[in-house]
Amino acid sequence: MTKGTITSIVSNLVTIDVDGPVGQNEICMIMNKDVQLRAEVIRVNGNEAFAQVFESTRSVKIGCEVVFTGHMLEVELGPGILSKNYDGLQNDLEKMEGTFINTGDITEPLDKDVLYHFSPLATPGDKVRAGDWLGSVKENWVDHKIMVPFVFEGQYTVKSITETGEYKIHDKMATLVSEDGQEVAVTMTQKWPVKQAIKSYNQKIRPYDILQTGLRVIDTFNPITEGGTGYIPGPFGTGKTVLQQAIAKNAEADIIIIVACGERANEVVEIFTEFPELTDPRTGRKLQERTTIICNTSNMPVAAREASVYVGMTLAEYYRNMGLKVLMLADSTSRWAQALREMSNRLEELPGQDAFPVELPATIANFYSRAGCIELNNRQFGSVTFIGTISPAGGNFKEPVTESTSKVAQCFYALSQKRADAKRYPAIDSMASYSKYLDYQEFREHTDASIQEGWVDLIKKTKDIMRKGLEARDQINILGDDAVPISYHMDFWRSELIDFTIIQQDSFDTVDMNTPLERQKYMINKVMDICDVDMLFDDFQQVGNYFKQLINQIKQMNYSPWNSEEFNKYETALTELMNEKTAIAPSMT
Amino acid sequence: MKTKAFQRIYTELSAITRATCVLKAEGVTYEELAWVDGRPAQAIKVVGDLVTLQVFPGTEGISTNAEVVFSGHPPQLKVGELLSGRFLNAYGDPMDEGPEIEGEARAIGGPAVNPIQRSKPSALLATGIAGIDLNNTLVTGQKIPFFADPGQPYNNLLAEVAMRAEADKIILGGMGLSNDDYLYFKNTFTQAGVLDKIVCFINTSENPPLERLLIPEMACTAAEYFANDKQMKVLVLLTDMTLYADALAIVANKMDQIPSKDAMPGSLYSDLAKTYEKAVQFAHGGSITIMAVTTLNEGDITHAIPDNTGYITEGQLFLKQDTDIGKVIIDPFRSLSRLKQNVIGKKTREDHPQVMNTLVRLYADAKEAKTKQENGFDLNEYDERCLHFALEYSERLLAIDINISIDEMLDIGWELMQKFFEKYELNIKEALINTYWKKSEDSQLAAEEV
Ligand SMILES: Nc1ncnc2c1ncn2[C@@H]1O[C@H](COP(=O)(O)OP(=O)(O)OP(=O)(O)O)[C@@H](O)[C@H]1O
Ligand SMILES: [Mg+2]
């Protein structure tokens, strides 16, 4: 193994004089007295290696010995990942001792003594490739597939497979024979370098099916698909984290990977305390059982922020290969970009825009492209849906991280300061935001069949009403209430109706926080029916007063359990209110 | 912080800038404390045997043959009960008449709390100010700054809030504090008879700016001692964090770092987060709450300092001069407490979340009406009502000069809604309207009967 000694230290960047070959991104260990600090090589120049240290470098000295490991940053994959709380390098936080995270704390990511119930899926003689399923163990309620390790190249023949029973993760589960006759043992675990995508599948397909999030402004207005990508930029305090957490709670995914990347510890604590209590709306099990949290908060080492998003993505890809729907959330990708910037500056590289490294757009594009819907070798499907938040400096979207992401992510959820100020939550600016999936033919066909015929057109019509309403509002503001025709006020109030009853949603109300698609469909049809009615008003004040009453009734419906007595009561009141108007309206038509 | 000089001594500086100096030295550890001609300094870059020291009091008058002594450890604070009631400088040395501090020496800027070991902050921290308690309710273990223009009475407000909040210990970290404000804090604490509850780390505007870099870490190290070792509820006051960030920029500049936005170092976010993330709620009941001040330049919150702060803290309290009522208010739009949902409607009355949101939404409507008015348009009847509402709302609930209970704040809220609006204009859950609307109707009837 290559060794070296430290020759310089600036914050978390060290240079190492090495005595042998080193690889770009190779992991090395700095031996500082009795603790070992993990570091990653990020540049090599002759026999000088530059490494970013994943820990505080306080008290490191020139001349400290460094040992190279020969591999890149890896994660350990196997049963036991779900419900775990990891740091950015996959250390299990629960296993750490003491109140504080001490420099050099390294803990096992998996539980080596736990017994898992194994059932074989392959039989001796089967021909298999990397990623193929050999067997399955129960992990919480999930059928966790034991796969041919992703690093295996070519075809293998199953020589033997372990019988049904209880085993530990490092026990031998199968023996495979390679094409040139070599025997290899497979356990329940394998390792994978996080910066490389797992490609052990048949093909990537175009996403077509909606991934329900329970949020009306997303599912109805700008849907994200299974295997889709989305990003949420917004100034501080506009609701990125609340939105992501709402998605994590309600989304129709099998597995949720949450990466808290350079944000607040208390936000992660909220998940720690809530998820073991909350129920997964689909399975009735605890939310925690389908969730893994990767937590590298803002006060944890900066270099590990970059690692944390890759660790999360690799875990997501791993479960995807079991034929599961995985949703990965990262809050916030800007912190990751900032970590890259800090390093790039310390390396004294020529800076790109806003001092970010010039390869930032490529790095972001590469990362987002790891999401997607795949067909496995056995013709089953799996997906990684990825949604990242962005924290643009000064709240201005014209900055490198937002711009680079906009080129690769298919859904855009723009949070608006103005809406947040007015407490119109979620503060998504529905006009600026978009979902490119609405234009996918596959999506259109699928929603025609699974939701209702003409669904996409209905949504587009809703958006038109919103747009028209905003234009009308501008006119009213420029010309004055009295100077515009009453129809302008009608247009404006129709858009307010949609805003208050469909777009706005109370994430802290037990009922309103999650609207299943079936209910969303019902409500949008209801609201659009109202918008279709031609109503007659004597003056503009009447318009506002009437619509406020409509809004109030529908809001009360939103707060009531679906089809409950209350719900029906408010719906009846709404119908009566409508009848008042339509009783007059026919004379018009 | 003065430790016995038992260690390596050097007398040859090879370079000096206004904030740093460079010398050849061996065996130096990163972030080690040293003294240059008796002035405290810290190793911030080590390349081969060349060590760059950041000299906290500045390098004026330092000559190339100055004596440099290394301590063998990072900067430390002696912690213990004896800190109570003391006024210390940025190095943790007494600036009052009291004796030297004795206690266990702890490295400042210590490691992060394992997130697993934190508890969810959910104990209400009441201040009597509705702009805070009603609209932006605080909890222990929270970190939140006041965003204020330099001319606003932010330090008075900070002291006032500290006196009203229930805390076992109050730790003041003053950075670039004017001497008058320093004395104001001192008098306030003395008059309130709470000197035994406080510890102050003070850097005034007369002291060297780089010393400010030590203040937050000193204050937080003391806070961790009381909150974790002694399981106390600790309130940390940091004022003014903008001056702290300015000091960071000076060092970065002398180190030839590429500045990012507003000439601030690219690591500003991480630097500020290191301090603010010291706020914590422990399971054993001890907690650190951080209330800070970030002064703004002409109200610009997109400047890198308030911007990065906002991305780190759990909300912000935005002070604003309301010219309509001629008072300083806590602006309900730009202010936020992200942890309020842990207590409102749970530890406070059930109607709290909806009443608070509705009042702010109506205030936003009033703002629109105001713009309309300023643009010379006729106001409609709803606009008029909103404007009247806004005046009273501002005077009775947003102004910082009030001191009432949260229930009273909610009652005033209902009173205002009832006075100016119809039920259907509120979008409040009917169940709540049924309970509270009638109540204030009765009280109004009662008032009319009198
Ligand atoms: N959907 C919502 N319903 C009600 N309140 C909300 C909603 N979204 C956000 N808020 C309020 O706004 C606060 C800030 O939201 P959040 O923490 O999600 O902002 P953020 O965009 O993640 O900010 P930052 O970039 O600083 O992390 C919340 O604590 C909550 O009080
Ligand atoms: Mg956030």
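Only one entry of B:Gly109, B:Gly61 meets the criterion of being within 30 Å of B:Lys24 (Cβ to Cβ) and surrounded by 15 or more Cβ atoms within 10 Å (Cβ to Cβ), and that entry is B:Gly109.
Those strands (runs of 3 or more DSSP E) of region A:199-265 in which at least 3 residues are within 16 Å of ligand 1 (Cβ to nearest atom), considering only elements entirely within it, cover A:229-233, A:255-261. In summary, A:Phe381 fulfils each of the numbered conditions (1) hydrophobic (A, V, I, L, M, F, W, C); (2) in the same structural domain as A:Thr220 (by TED's automatic domain parsing); (3) crowded, with 21+ Cβ neighbours inside 10 Å with the single exception of condition (3).
When the criteria are applied in full, A:Lys569 fails the requirement of being under 27 Å from B:Leu379 (Cβ atoms), more than 36 Å from the chain's Cα centre (by Cα) and either at pLDDT 95 or above or of a type in the set (Lys, Arg) (or both).
Candidates are the residues of region A:366-397 that are of a type in the set (A, V, I, L, M, F, W, C), touching a residue at least 60 places away in the same chain (Cβ under 8 Å) and not in a strand (DSSP E or B); the one that is farthest from ligand 2 (Cβ to nearest atom) is A:Leu376.
Kindly evaluate A:Lys286 against the criterion of being within 16 Å of ligand 2 (Cβ to nearest atom) and over 30 Å from B:Ser267 (Cβ atoms). When the stated conditions are applied, A:Lys286 does not pass them.
Listed here are the residues, each with its yes/no results for (1) assigned to a strand (DSSP E or B); (2) of a type in the set (S, T, N, Q); (3) within 19 Å of B:Asn207 (Cα to Cα).
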residue	(1), (2), (3)
B:Gln42	yes, yes, yes
B:Gln54	yes, yes, yes
B:Pro57	no, no, yes
B:Gly72	no, no, no
B:Phe87	yes, no, yes
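Select, from A:Glu139, A:Glu108, the only residue that is farther than 17 Å from A:Val184 by Cβ, charged (D, E, K, R) and assigned by TED's automatic domain parsing to the domain that holds A:Ser178. One residue alone meets the criteria, A:Glu139.
Could you tell me which residue of region B:126-159 is farthest from the other protein chains (Cβ to nearest Cβ), considering only residues that are closer than 19 Å to B:Ile312 by Cβ and among the hydrophobic types (A, V, I, L, M, F, W, C)? Explain how you work it out, then say what you get.
Just the residues of region B:126-159 that are closer than 19 Å to B:Ile312 by Cβ, to begin with: B:136, B:138-148, B:154, B:158.
Remaining after also requiring among the hydrophobic types (A, V, I, L, M, F, W, C): B:138-139, B:144, B:146-148, B:158.
On the way: B:Leu138: 13, B:Val139: 10, B:Ile144: 11, B:Phe146: 15, B:Phe147: 11, B:Ala148: 17, B:Leu158: 21 Å.
Of everything passing the filter in region B:126-159, B:Leu158 is farthest from the other protein chains (Cβ to nearest Cβ).
Taking B:Ser122 as the residue in question, decide whether it is within 12 Å of another protein chain (Cβ to nearest Cβ), over 30 Å from B:Ala249 (Cβ atoms) and of a type in the set (Gly, Ala, Ser). Against the criterion (within 12 Å of another protein chain (Cβ to nearest Cβ), over 30 Å from B:Ala249 (Cβ atoms) and of a type in the set (Gly, Ala, Ser)), B:Ser122 qualifies.
I'd like to know if region B:398-405 contains one or more residues that are surrounded by fewer than 19 Cβ atoms within 10 Å (Cβ to Cβ) and within 14 Å of another protein chain (Cβ to nearest Cβ). Taking every residue of region B:398-405 in turn, none turns out to be surrounded by fewer than 19 Cβ atoms within 10 Å (Cβ to Cβ) and within 14 Å of another protein chain (Cβ to nearest Cβ). In a strand (DSSP E or B) and either of a type in the set (A, V, I, L, M) or at negative phi (or both): which single residue out of A:Met328, A:Met300, A:Met313 fits that description? Just a single option satisfies the conditions, and that option is A:Met328. The requirement of being away from ligand 2 (no atom under 16 Å from the Cβ), of a type in the set (S, T, N, Q) and within 22 Å of B:Thr127 (Cβ to Cβ) is satisfied by B:Ser335.
Among the residues of region B:38-54, just one is at positive phi and either touching a residue at least 40 places away in the same chain (Cβ under 8 Å) or out of contact with any strand residue (DSSP E or B) (no Cβ under 8 Å at 6 or more places or on another chain) (or both), namely B:Gly38. Scanning region B:276-313 for residues that are more than 9 Å from chain A (Cβ to nearest Cβ) and either part of a strand (DSSP E or B) or within 16 Å of ligand 1 (Cβ to nearest atom) (or both) yields B:Ser287, B:Ile288, B:Thr289, B:Ile290, B:Met291, B:Ala292, B:Val293, B:Thr294, B:Thr295, B:Ile305, B:Pro306.
If I filter region B:213-242 down to residues being assigned to a helix (DSSP H, G or I) and touching a helix residue (DSSP H, G or I) at 6+ places or on another chain (Cβ under 6 Å), which single residue comes out as nearest to the other protein chains (Cβ to nearest Cβ)? The extreme case among them is B:Pro216. Within region A:331-356, being outside any helix (DSSP H, G or I) and surrounded by 21 or more Cβ atoms within 10 Å (Cβ to Cβ) holds for A:Asp331, A:Ser332, A:Phe356. Picking from residues in region A:277-291 that are outside any helix (DSSP H, G or I) and within 14 Å of another protein chain (Cβ to nearest Cβ), the one that is surrounded by the most Cβ atoms within 10 Å (Cβ to Cβ) is A:Leu278. Residues considered: A:Ile256, A:Ile271. Of these, the only one that is modelled with pLDDT of 95 or more and either within 14 Å of another protein chain (Cβ to nearest Cβ) or under 18 Å from the mean Cα position of the chain (by Cα) (or both) is A:Ile256. Residue under question is B:Gln316, and the condition is that it be modelled with pLDDT of 95 or more, part of a strand (DSSP E or B), of a type in the set (S, T, N, Q) and away from ligand 1 (no atom under 14 Å from the Cβ); does it hold? When the stated conditions are applied, B:Gln316 does not pass them. Among the candidates B:Ile250, B:Ile312, the residue that is within 24 Å of B:Asn203 (Cβ to Cβ) and either out of contact with any Asp or Glu (no Cβ under 9 Å at 6 or more places or on another chain) or not assigned by TED's automatic domain parsing to the domain that holds B:Gln142 (or both) is uniquely B:Ile250.
For region B:263-275, a tally of residues being touching a Ser or Thr at 6+ places or on another chain (Cβ under 9 Å) and either of a type in the set (Gly, Ala, Ser) or more than 9 Å from every other protein chain (Cβ to nearest Cβ) (or both) returns 5. Considering only residues of region A:504-525 that are surrounded by 18 or more Cβ atoms within 10 Å (Cβ to Cβ) and hydroxyl-bearing (Ser, Thr, Tyr), which is farthest from ligand 1 (Cβ to nearest atom)? The residue in question is A:Thr515.
Filtering region A:292-305 to residues that are in contact with an Asp or Glu (Cβ under 9 Å, 6 or more places away or on another chain) and either buried (at least 24 other Cβ atoms within 10 Å of the Cβ) or of a type in the set (Gly, Ala, Ser) (or both) leaves A:Ile294, A:Cys295, A:Asn296, A:Thr297, A:Ser298, A:Met300, A:Pro301, A:Val302, A:Ala303, A:Ala304. Of the residues making up region A:428-440, those that are modelled with pLDDT of 95 or more and buried (at least 22 other Cβ atoms within 10 Å of the Cβ) number 3. You will find that of A:Thr241, A:Thr229, the residue that is within 12 Å of ligand 2 (Cβ to nearest atom), hydroxyl-bearing (Ser, Thr, Tyr) and not assigned by TED's automatic domain parsing to the domain that holds A:Gln505 is A:Thr241 and no other. Residue count for region A:233-283 satisfying the condition of being free of Cβ contacts under 8 Å to residues at least 24 places away in the same chain and among the hydroxyl-bearing types (Ser, Thr, Tyr): 2.
The values are calculated or read from the model by the stated rules, or taken from the named source; none is laboratory data. Everything numeric here is computed off the predicted structure, so don't read it as measured data. Because the Cβ atoms are built from the backbone with ideal geometry, glycine has one as well, and the counts that use them run over all protein chains shown.
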